[in-house]
1. Expressed as a whole number of Å, what is the distance separating the alpha-carbon centroids of the range 59-81 and the range 218-233?
2. Using heavy-atom solvent-accessible surface (probe 1.4 Å) with all chains present, what is the largest-first order of H233, H98?
3. For the pairs K28/K302; K34/K211; K34/K302; K45/K258; K34/K127; K63/K127, note any where the Cα-Cα span goes beyond 27 Å.
4. Looking only at the chain, where both bridge partners belong to it, what percent of the DSSP beta bridges are antiparallel (to the nearest 5)?
5. What FRET efficiency would be calculated for the residue pair I137, A105, taking the C-beta separation as r and a Förster radius of 35 Å, to the nearest 0.05?
6. Count neighbours as other Cβ atoms within 10 Å of each site's Cβ, and list the chymotrypsin sites (Phe, Trp or Tyr not before Pro) in the range 263-335 that are DSSP loop with at most 13 such neighbours.
7. Can you bin the range 289-353 into rounded, prolate or oblate? Criterion: square roots of the alpha carbon gyration tensor eigenvalues sorted a ≥ b ≥ c, rounded for a/c under 1.5, prolate for a/b above b/c, oblate for the rest.
8. For V134, V115, write out the residues from largest to smallest accessible area, computed with a 1.4 angstrom probe and no ligands counted.
Amino acid sequence: MKILSNWMMGFVTLAVITFIGLQDPFVKETLRLKSFDLLAQYEEKELSPDIGILTIDEASIEKYGQYPWNREVLADIIIRLREAEVGIIVMPILFSEHDRLGGDALFMLALQQAVVIAQVGTTQTNKNAVPRGVAKIGDPLPWLYEWPGMLGPIPNLGTAAAGVGVINTAPEIDGVVRRLPLIMRVGEETYPAMAIETIRVATGNPSYQIKAGDAGIIAVRVPGYPIINTDQHARIWLRWNNTFQSVSVAADDYSELKGKTVVVGITAEGLGSIIATPIGEQYDWALSASALQTVINGTAPKRYDISLFIELAVSVLVGLLIVVLARFTPYWAVGGMMILFYAGSAFGSYWLF
């Protein structure tokens, strides 16, 4: 009976832990996400050859005055970027109201030069949204992130711009942004994230393709560009291993950005918004830059649907082994086994990542 009790205690404990694991509780999910953060932080950083940042910084405020500026200033910045022979210009800035200083007319003309501007999903209004058609294989709509409304740029700017992308984030349960949905919806209309809209503009295509199956979204594609595999909600995991060449708006010369897609970002104190990422706090425009670089490189980390089952199966097998070892071997052997398991898990995760 004593032997049976020892065995039963081990198996009952393992069964309870397995049952809790099947529920994927908050603590387990948080630990899984934090391990992703740790892996991301140890990645070697690389300077992006594709994307540069034009910053609206303190020097820019000193040069051009209080922000927001007359949009004629933004038009002049776009013209100067074109003179520097940059690629697509990405402005993750919402222009939902008319310029009180009267600069919309010139800005509208400048936007026609391959510029992508922003719109944002909202729970408060649905105004001036700029949807983008999607060719559907299967029915993706039930699986897409949905917003009650979309707030877009004023109509003349939304029509003039080469593209309009959504800049919403999709934080995890701990508030950190690790994944980004490439396509979102409001009702029956679909809206692309800033990164995928930029690629659409770069390829000159009018729309997207999205494939869905019984278990959710499978992939998103811009015709003429490689297929982007996503999770069931059209999300991709982001890489944060790139740094970007940065030039101030106040600079006299933008030639360092020649040939690059340029993201215009606000870094001036009190003006730029901050988001939480696996590598720490970043400006919100960094999400657009990192997402775009992830898609360009085709290196989004993949977590397969079977991963949860494999994790659980390995945990159960190791748990059974520990129960057996605890019955027939000294305690130091059990401790050694647990250390070996955790070290192997850490190394395996790093290698797979």
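The values are calculated or read from the model by the stated rules, or taken from the named source; none is laboratory data. All values derive from a computational prediction rather than experimental measurement. Cβ: placed from backbone, ideal geometry, glycine included. Neighbour counts: every protein chain shown. Surface areas here come from the heavy atoms of the whole protein model, side chains and all, with no ligands, DNA or RNA. Shrake-Rupley method; radii C 1.70, N 1.55, O 1.52, S 1.80 Å.
1. 36 Å
2. H98, H233
3. Those over the limit are K34/K211; K34/K127; K63/K127.
4. The answer is about 40 percent antiparallel.
5. Values: r = 42 Å, r/R0 = 1.20.
The computed FRET efficiency comes out at 0.25.
6. Those that pass, being in a loop and sparsely packed, are Y304.
7. Here the range 289-353 falls in the prolate category.
8. Numbers: V134 25, V115 0 Å².
So the residues, ranked largest to smallest area, are V134, V115.
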